[in-house]
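Here is the structure we will look at, set down as structure tokens.
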Amino acid sequence: MAAVCMALTSCQGAQAEEEKSSIRIGISLYRGDDTFINNIRSQLEEKAKDYERERGIKVTLDIQDAKGSQNVQNDQVERFISLGCDVVCINPVDRMDASQMIDRAMTAGVPVVFFNRQPVEEDMNRWDKLYYVGVDAKETAVLQGQIVVDLYRRDPGALDLNGDGVVSYVMLEGESSHQDSLIRTEWSVQTLKDGGVPIEKITGGIANWERSQASAMMEQWLLAWPDTIELVVSNNDDMALGAIDALERAGISGVGVVGIDGTIPGMEALEGGKLLGTVSANKEVYAAAVMELAASCALGQELPGAYPLTEGTYYWVLQEMITAFEENQ
Ligand code: BGC
């Protein structure tokens, strides 16, 4: 009797899921004014429309900005769940403090797709309905280093501006608590060393992914080390753009600047010859992965085969180098 009941429930459940013709997805962003996140947001909106058109399922997106506050984000997730969202997508403010949001989602049985800011493994392992979409930080950094190695091999003088046999660089780092910052910093430099670029670090600092902070920092460095800096290695495009702003204000040209992200302003700087190169994850694929995973969870369907998950949990978006010098050749 019990077995029959169970069988009936699961069949009815499956039937109910199949019949669902609309889904509601709650999305919380750590900061809506972050350039990269903004680019992903636009793509998410596009992908939701594509999904609706292609599958005939109505998708309602509720996108909220947590404005850098974990408490605000906790409340947003709480609200999504009480409004009946079928799935929530979270770009965590504090990736070390995702447990309250996870508790809430688990209790309500609402799956979560995290993206860009990776919760700690211990949290991710708490439930099999927690997923993460992002990029592999080491891969990003190695590609960034490779841009500089390629240019140096082709034309050492493009980087070693004073011809002393050493490329003197400064490093702009993202938030210290972000999984990408430390790894990007370490592996871009390691790749330069492994690739045979003779380098010397002048200085470095944490500009928290922000253009204005990086610009102020670079301005100070240019004053403290006049005619010395030959290369700026930046953990993202926005800080690279900040360094370029400071160089332009100081009337300095020729200093190489490399970024990461391939954001819209980053690509404009690259096309304008201001940025040597950047590393870009395909943002359409990034957003499509978040959307497809979320929609499958919401509909109770099998996860999309086009986005294979590592350990059943993580989807790593592929990245590519984009360089100004190759395009200009
Ligand atoms: C991006 C940064 C962005 C940060 C936000 C990083 O992966 O490279 O541009 O500010 O994520 O979490």
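The values are calculated or read from the model by the stated rules, or taken from the named source; none is laboratory data. Because the structure is predicted, anything quoted here is derived from the model rather than measured. Quick reminder, even Gly has a Cβ in these numbers, built from the backbone with ideal geometry, and neighbours come from all protein chains shown. Side chains are part of the model used for accessible areas, which takes the heavy atoms of the whole protein and leaves out ligands, DNA and RNA. Shrake-Rupley method; radii C 1.70, N 1.55, O 1.52, S 1.80 Å.
Here is a check on your reading of the model: is residue 16 more than 23 Å from residue 104 (Cβ to Cβ), modelled with pLDDT under 95 and among the aliphatic types (A, V, I, L, M)?
Numbers: more than 23 Å from residue 104 (Cβ to Cβ): yes; modelled with pLDDT under 95: yes; among the aliphatic types (A, V, I, L, M): yes.
Yes, satisfied.
Please tell me if residue 212 is of a type in the set (Ser, Thr, Tyr), open to solvent by 20 Å² or more (accessible area, probe 1.4 Å) and at pLDDT 95 or above.
In short, yes.
Please go through region 193-208 and give me each residue that is more than 14 Å from residue 171 (Cβ to Cβ) and among the acidic types (Asp, Glu), ordered by number.
Hit for region 193-208 is 194, nothing else.
Just give me the residues in region 33-43 being touching a Leu at 6+ places or on another chain (Cβ under 7 Å) and open to solvent by less than 60 Å² (accessible area, probe 1.4 Å), in sequence order.
37
Just one of 277, 272 is in the same structural domain as residue 186 (by TED's automatic domain parsing), over 28 Å from residue 186 (Cα atoms) and small (Gly, Ala, Ser); which is it?
272 is the lone residue from the list that is in the same structural domain as residue 186 (by TED's automatic domain parsing), over 28 Å from residue 186 (Cα atoms) and small (Gly, Ala, Ser).
Please give the number of the condition residue 144 fails out of (1) farther than 30 Å from residue 277 by Cβ; (2) open to solvent by less than 20 Å² (accessible area, probe 1.4 Å).
Only one criterion in (1) farther than 30 Å from residue 277 by Cβ; (2) open to solvent by less than 20 Å² (accessible area, probe 1.4 Å) is unmet by residue 144, namely (1).
Kindly indicate the residue of region 147-168 that is among the acidic types (Asp, Glu) and open to solvent by 30 Å² or more (accessible area, probe 1.4 Å) and also farthest from residue 289 (Cα to Cα) among those meeting that condition.
164
Give the number of residues within region 103-132 that are closer than 21 Å to residue 183 by Cα and surrounded by fewer than 15 Cβ atoms within 10 Å (Cβ to Cβ).
Qualifying residue count, region 103-132: 3.
Can you name the strands (runs of 3 or more DSSP E) wholly within region 88-177 that have at least 1 residues being among the charged types (D, E, K, R) and within 15 Å of the ligand (Cβ to nearest atom)?
167-173
Within region 51-70, identify whether any single residue is part of a helix (DSSP H, G or I), loosely packed, with under 15 Cβ neighbours inside 10 Å and out of contact with any helix residue (DSSP H, G or I) (no Cβ under 9 Å at 6 or more places or on another chain), and answer yes or no. Working first, answer last.
The initial filter retains those residues of region 51-70 that are part of a helix (DSSP H, G or I), namely 51-55, 70.
Within this subset, residues satisfying the condition of being loosely packed, with under 15 Cβ neighbours inside 10 Å are 53-55.
With the extra rule that they be out of contact with any helix residue (DSSP H, G or I) (no Cβ under 9 Å at 6 or more places or on another chain), the set shrinks to 53-54.
Yes, there is a match, as at least one residue in region 51-70 is part of a helix (DSSP H, G or I), loosely packed, with under 15 Cβ neighbours inside 10 Å and out of contact with any helix residue (DSSP H, G or I) (no Cβ under 9 Å at 6 or more places or on another chain).
Identify all residues within region 33-49 that are farther than 18 Å from residue 66 by Cβ and touching a residue at least 24 places away in the same chain (Cβ under 8 Å); write none if there are none.
43, 46, 47, 48
So how many residues does region 191-209 have that are in a helix (DSSP H, G or I) and either open to solvent by less than 30 Å² (accessible area, probe 1.4 Å) or aromatic (Phe, Trp, Tyr) (or both)?
So the count comes out to 2.
Do we find that residue 45 is among the acidic types (Asp, Glu) and in contact with a helix residue (DSSP H, G or I) (Cβ under 9 Å, 6 or more places away or on another chain) in this structure?
yes
Counting only residues that are charged (D, E, K, R) and more than 22 Å from residue 33 (Cβ to Cβ), which one in region 71-102 is least open to solvent (accessible area, probe 1.4 Å)?
Among them, the one singled out is 86.
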